[in-house]
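Contents: one structure, followed by commentary.
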Amino acid sequence: MSFVEKSIKCSDCGCDFTFSISEQEFFAEKGFTNNPKRCRLCRAARILQSNGSSAHGSCSQSWQPRREMFRAMCAECGKGAQLPFEPRYGRRVYCSDCYSKVRPSR
């Protein structure tokens, strides 16, 4: 059986994606008879969602969520630090170098 690349519109994000010859051969080997409905990013997002993660994106964006970073001054050395959480007033924060020195051993 010979395959030809197909252009398909994703049912989730509406982007056009290519169903390649190698993907069609793979589908045929597995016994799948239907063409895919979703592009790679939407398929990946759907898998993550079914595994309990809430990440989702579309073709125009990366499907991994962006983490908001906050700036603070290190309580130990005074250098600027980037933190993945918003520091609370009155709590000491450390840069990564100082944190590795002061954190409790595990």
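Observations on the structure shown:
- Note on K37: lysines with a C-alpha under 23 Å away, same-chain residues under 8 apart excluded, are K6, K9.
- Chain lengthening between F70 and F32 when straightened (0.36 nm per residue, less Cα-Cα): 8.9 nm
- Placed amide H near D12: partners under 5 Å, 5+ positions off or other chain: C39
- Set of lysines with alpha-carbon distance to K79 below 21 Å, sequence-local pairs under 8 removed: K101
- Inter-site label distance for E23 and R40 at 7 Å from Cα along Cβ, in nm: 0.8
- A crude spin-label estimate for the pair S11 and K101, with each label 7 Å from Cα along the Cβ direction, gives 5.8 nm.
Just so you know, all these numbers are worked out from the coordinates, no wet-lab data involved. Predicted model only: the values in this text are computed from it and were never measured. Cβ coordinates were reconstructed from backbone atoms using ideal geometry, including for glycine residues, and neighbour counts include every protein chain displayed.
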